[in-house]
Amino acid sequence: MKKASFLGLISALMLLSCGEDPLPKPKAYLRLDYPEPKYNTSKLDLPLTFEMNELVSKKEVRLLEGETQTWGVNLDYQKLQGTIYLTYKSIAQDKDRLITFLRDAQKFTQEHTRKADEIVEQPYINPERNVYGMLYEVGGNAASQSQFYVTDSLNHFLTGSLYFYAKPNYDSILPAAKYLENDIKRIMESVKWK
């Protein structure tokens, strides 16, 4: 009797346990919430202005040695552990420099193909403000997640790259990279040449 009831109990449990196949749990990611960006026009001593996020904790502008009419600008985001590095170059004196600068900007981005999973190009054209350029979104564990350049094709050339203070781990830095990519887009869209 005991053996039959035990077998009946086992059979009932087996029938009850049949159902949907178990599914693995999805990967969990750290949720990072960043403040809504607030933008102000830059007040930097440069031949251009652009809007930058109030989250920028430190701005550094320096004339690059050995170069004429070339400035380096670092926009430091301490909370996000990253920096947008900008380089402004004048092309007013030598129009042939534009081709060199465009080639260098594109070559610099393509150097990331060894580590990048993909590089997405987004052209930017604003004839009303005379601003033309390209944004590169770099996917994967590359050193820089976003790069861009803008120019008026006559006098001004601005290029920029986003870097984080950590070893590249795309999944970990993706929220911060997307947040700062929006700031890069805002810089491109708000550039005004002087």
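Read-outs throughout are calculated quantities, based only on the coordinates presented, and are distinct from any laboratory measurement. This is a predicted model, so every value here is computed, not measured. As a convention, Cβ positions derive from the backbone with ideal geometry for all residues, glycine included, and neighbour counts pool all protein chains shown.
Quick check on packing: order 49-55, 124-130 by the mean number of other C-beta atoms within 10 Å, highest mean leading.
49-55, 124-130
Pairs over the 30 Å Cα-Cα cut-off, from the set Lys43/Lys79; Lys95/Lys178; Lys43/Lys167: Lys95/Lys178; Lys43/Lys167. Of all aspartates and glutamates in the structure, those lying under 14 Å Cα to Cα from Lys59, and not within fewer than 8 positions of it along the same chain, are Asp45, Glu51, Asp76.
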